[in-house]
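One structure is given below, encoded as structure tokens.
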Amino acid sequence: MSTPTQRIPRLHLFPRDTSVNAAGHLTIGGCDAYDLAKEYGTPLYVFDENTLRHQCREFLERFGSRYPDTVVCYAAKAFLNRALAKLIMDQGLGLDVVSIGEFAIARSVGFPPERVYFHGNNKLPEELAQAIDWDIGRVVVDSIHELRLLDHLARKRNTTQDILLRLTPNVDPHTHEFTTTGVLDSKFGFPMSTGQAEEALEEAMTLAGVNLLGLHFHLGSPIPDTQPFESALRVLIEFAHDMKHKCDFDMVELSVGGGFPVAYSVADSYPQMGVYADAIITTLTNLLLKQSLMPPRLTIEPGRAIVARSGVALYTVGATKEIPGVRKFVCIDGGMSDNIRPPLYGAKYEALVTNRAAEPDVHTVTVAGKLCESGDILIRDIQLPRVAPGDVLAVPTSGAYCIPMSSNYNATPRPAIVFVDRGRARIVRRRETLEDLYRLDIP
Ligand SMILES: Cc1ncc(COP(=O)(O)O)c(C=O)c1O
């Protein structure tokens, strides 16, 4: 008999249909998580394909049912490999890339280039040239330097590149300063309040090598409520209206970026996706009506909200250390080399012990990584059942911004990645070996 899962705290943070089997082990995508750890080794990143597909559908349906001309572009920076690129392609989403490297991964599985949006504050000349040669759908232009360079490269090739202009509407999304992008003092985009956005738009309209289709903003991540989206839309639509009258600019496309939040801990509570869709689309349609503008194609760029909950990191417990009256440390075989978010952003995570998933919590511990930094603490003060060396910890919501920010710090090999789907597991990225660590060195 399996354990009633409603009695297990934190389970709702794990992928859909995560459960506990008769052995008292956590199951993810129908696979015993403890067995996965034994078979593939740890640290191991496990992604549930069913949750990934569900999240893609959520965005397509929540936005598409309210505003049919919506394009959902998955922001690859949250996590990308070939298996995920294929899944995103098969679900009919577009792709937001920030380097030609991300596009090369997607292209290697046949991702249609016309569905790709290329972002970044300092795209290199060779990246822009490659993007044109690979027929990338849109370049989201971030600076005057880039605008002129792209125009030059496109004209040299006797072609015209479709573009959007990334604008900074100076709206604070109330998120961590490292992930705030839509304010005036940001390295991204054309500031609107200084007149630079208007100058860029006017210039873009005169250039033969680019075809200006519309505007883009991305405010930051994660955005805890809908109000920043609404404020930014007011600024953008007024701008589009002014530009229509001043220089006959037609906004055929509008991207509102990403930043949709995800619950990482039991304390987190955010509005549902439908609330964001409602707020964005109601505000947009009202403003368009008020300013007598034609409805543009709407693009959204969720990254975190597609992959975070699908991913679970598995770690094996090694040393434990108790400082009487101070703290109990439980040390794991990974840490900031595979998940830098706690030291970088103060990100909070939860955990369960896969092989003791049905046991009650008995003590407060701090989960420490194995990297040679005191700041390498994955979870501070979490209630867990008794834990012993060899137990396997499962950390939910590890699907976004962990693997892509991973490093070889302390010459640590990067983890393997496994996709699970209804009881079947397949390895989609092998663990790095010791040889991989010096493969590129020339002695
Ligand atoms: C331009 C742009 N779009 C989309 C995203 C995705 O944000 P999130 O993963 O929070 O949805 C980012 C994240 O930095 C971004 O810079």
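Values for this structure:
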quantity	calculated
Filter pass, PHE249 being within 18 Å of GLU301 (Cβ to Cβ) and either assigned by TED's automatic domain parsing to the domain that holds PRO295 or buried (at least 21 other Cβ atoms within 10 Å of the Cβ) (or both)	no
Hey, THR397 in contact with a Phe, Trp or Tyr (Cβ under 6 Å, 6 or more places away or on another chain), assigned to a strand (DSSP E or B) and not hydrophobic (A, V, I, L, M, F, W, C) or not	no
For THR282: the one exception among (1) of a type in the set (S, T, N, Q); (2) closer than 30 Å to TYR67 by Cα; (3) touching a Ser or Thr at 6+ places or on another chain (Cβ under 6 Å)	(3)
Residue match in the stretch 188-195 (condition: out of contact with any strand residue (DSSP E or B) (no Cβ under 6 Å at 6 or more places or on another chain), under 25 Å from HIS145 (Cβ atoms) and of a type in the set (A, V, I, L, M))	no
Neighbours by Cβ (under 6 Å, 6+ apart or cross-chain): first from the stretch 236-262, at positive phi; second assigned to a loop (DSSP other than H, G, I, E, B) and charged (D, E, K, R)	GLY257/GLU301
Scope the stretch 152-187; condition among the small types (Gly, Ala, Ser) and buried (at least 21 other Cβ atoms within 10 Å of the Cβ); matching residues	ALA154, GLY182
Unique match (being within 19 Å of ARG166 (Cβ to Cβ), among the hydrophobic types (A, V, I, L, M, F, W, C), away from the ligand (no atom under 16 Å from the Cβ) and in a loop (DSSP other than H, G, I, E, B)) among MET243, MET294, MET251	MET251
When residues of the stretch 32-43 are limited to those that are among the small types (Gly, Ala, Ser) and surrounded by 19 or more Cβ atoms within 10 Å (Cβ to Cβ), the one farthest from VAL395 (Cα to Cα)	ALA37
Neighbours by Cβ (under 9 Å, 6+ apart or cross-chain): first from the stretch 188-213, in the same structural domain as ARG157 (by TED's automatic domain parsing) and part of a strand (DSSP E or B); second hydroxyl-bearing (Ser, Thr, Tyr) and within 16 Å of the ligand (Cβ to nearest atom)	PHE190/SER143; PHE190/THR168; PRO191/THR168
Selection within the stretch 213-224 - closer than 19 Å to ASP242 by Cβ, buried (at least 23 other Cβ atoms within 10 Å of the Cβ) and among the aliphatic types (A, V, I, L, M)	LEU215
Any chance ILE237 is buried (at least 21 other Cβ atoms within 10 Å of the Cβ) and either under 23 Å from ALA76 (Cα atoms) or within 16 Å of the ligand (Cβ to nearest atom) (or both)	no
Number of the exception - GLN227 against (1) crowded, with 22+ Cβ neighbours inside 10 Å; (2) of a type outside the set (A, V, I, L, M, F, W, C); (3) closer than 22 Å to ALA305 by Cα	(1)
Complete set of residues in the stretch 214-231 that are within 13 Å of the ligand (Cβ to nearest atom), among the small types (Gly, Ala, Ser) and assigned to a helix (DSSP H, G or I)	none
Among the residues listed as VAL183, VAL141, VAL109, the single one being in contact (Cβ under 8 Å) with a residue 60 or more places away in the chain and either of a type outside the set (Lys, Arg) or under 28 Å from MET405 (Cβ atoms) (or both)	VAL141
Residue satisfying condition, being β-branched (Val, Ile, Thr), on the phi < 0 side of the Ramachandran plot and in contact with a Cys (Cβ under 9 Å, 6 or more places away or on another chain), within set VAL109, VAL72, VAL97	VAL72
Residue check for ASN355: crowded, with 22+ Cβ neighbours inside 10 Å, more than 16 Å from the ligand (Cβ to nearest atom) and not in a strand (DSSP E or B)	yes
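Yes or no, residue by residue, for (1) over 26 Å from the mean Cα position of the chain (by Cα); (2) of a type outside the set (A, V, I, L, M):
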site	(1), (2)
PRO173	no, yes
PHE217	no, yes
ILE223	no, no
GLU230	no, yes
ILE237	yes, no
TYR264	no, yes
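Table: residues versus (1) within 16 Å of the ligand (Cβ to nearest atom); (2) surrounded by 19 or more Cβ atoms within 10 Å (Cβ to Cβ); (3) farther than 29 Å from ARG414 by Cβ.
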| residue | (1), (2), (3) |
| --- | --- |
| ASP17 | no, no, no |
| GLY30 | no, no, no |
| TYR45 | no, yes, no |
| ASN50 | no, no, no |
| ARG53 | no, no, no |
| PHE59 | yes, yes, no |
| THR70 | yes, yes, yes |
| GLU102 | yes, yes, no |
| SER108 | no, no, no |
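The values are calculated or read from the model by the stated rules, or taken from the named source; none is laboratory data. The structure presented is a predicted model; accordingly, all values stated were derived computationally and were not measured. Because the Cβ atoms are built from the backbone with ideal geometry, glycine has one as well, and the counts that use them run over all protein chains shown.
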